[in-house]
1. Apply the Karplus curve 6.51 cos²θ - 1.76 cosθ + 1.60, θ = phi - 60°, to the phi angles in segment 109-125 and return the couplings in whole Hz, x for Gly and Pro.
2. Using unit Cβ charges (K, R positive; D, E negative) and no other charged atoms, how large, in debye to the nearest 20, is the dipole of segment 4-226 about its Cα centre?
3. Could you identify which residue out of LYS115, LYS96, LYS15 has the top mean-square fluctuation in a GNM of the chain using Cα springs shorter than 10 Å?
4. Taking the Cα atoms of segment 105-167, what is the range of coordinates along each of the three principal axes, in descending order and whole Å?
5. What would the Debye equation give as log₁₀ I(q)/I(0) for segment 42-134 at q = 0.10 Å⁻¹, counting only Cα atoms as equal point scatterers?
6. If one computes the Cα centroid of segment 16-66 and of segment 176-218, what distance in Å separates the two points?
7. Would you grab the residues whose amide H sits under 5 Å from the one on VAL185? Only those 5+ places off in sequence or on another chain, please, with H modelled 1.01 Å from N.
8. Of PHE22, PHE94, PHE43, which is the most mobile in a GNM of the chain whose springs link Cα atoms less than 10 angstrom apart?
Amino acid sequence: MSKLIIANFKMNGTKSSIEEWFNTFSREANTSNEVIVAIPSPFLINFADNGIRVAAQNVSPYVSGAYTSQVSAEMLKDCGIEYSIIGHSESREFLKETDEDIFNKYNQLIKYSIKPVICIGEPLKIREDNLLQSFISSQLKYFEDLENELIIAYEPIWAIGSGLIPTVEDINEVSELIRGICKNVRILYGGSVNKENASNLLNNSNIDGVLVGGASLNPKEFANIAQSC
Ligand code: PEP
């Protein structure tokens, strides 16, 4: 079965650099895996239709109204967007998003048939204190036993942008836990994935894909990752 390989550009890029990225990636990549690229919101409408699936990086939990700066699921749909990341640890931290907010975002996306990519993951202290299972279970409490197919990205916060990554055994342990809570789920791993470690992660662990931040900014490296299984 094909894997899901998602790039997260975060707050990087301009219209011309992203255009160049898509041109290079299309030239370099030769894969049957599903590739999705999460780009900054001002450019979504420019690239929604460029032959490679594009995702938003966040969405409002509200329908419409006096929520200056926010982007609704209806607006994303209107731009032709089919996927959106929600619950990224950077949004949880900097925008003070709660698990309840994230579930409200999920519901908004589902209403407009946009597929949510739900990010979860623990800070290092939680892992060190042996609280991993209860932390992950609590982040998933709203998603227990839902019938819809879920995409959950397990991104340990200490692995994001740090060059540190959990062992395949650690990832499998969390993946088992998620599969025990969510009925119908595709699990991605995210955190310091690059062209050196992608093949081992994708071929040897119990995951359905990867979410790639920093290393996705280089289209050749991301093409390499997308082809590594
Ligand atoms: C991310 O922020 O989603 C991520 C996985 O980042 P990086 O690959 O840079 O660790």
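The values are calculated or read from the model by the stated rules, or taken from the named source; none is laboratory data. No experiment lies behind these values; they were computed from the predicted model shown. Cβ sites come from the backbone with ideal geometry, for glycine too, and all protein chains shown count toward neighbours. Areas reflect the complete protein model, heavy atoms only, side chains present, ligands, DNA and RNA absent. Shrake-Rupley method; radii C 1.70, N 1.55, O 1.52, S 1.80 Å.
1. Using θ = phi - 60°, the values come out as 5, 4, 4, 9, 6, 9, 7, x, 10, 8, 9, 9, x, 9, x, 4, 4 Hz.
2. Numbers: 18 positive and 29 negative charges, 89 e Å.
In total the dipole reaches around 420 debye.
3. Between LYS115, LYS96, LYS15, it is LYS96 that shows the largest mean-square fluctuation.
4. Result for segment 105-167: principal-axis Cα extents of 38, 24, 18 Å.
5. Cα-only, vacuum Debye calculation for segment 42-134: -0.30.
6. Between the Cα centres of segment 16-66 and segment 176-218 lies a distance of 19 Å.
7. LEU150
8. PHE94
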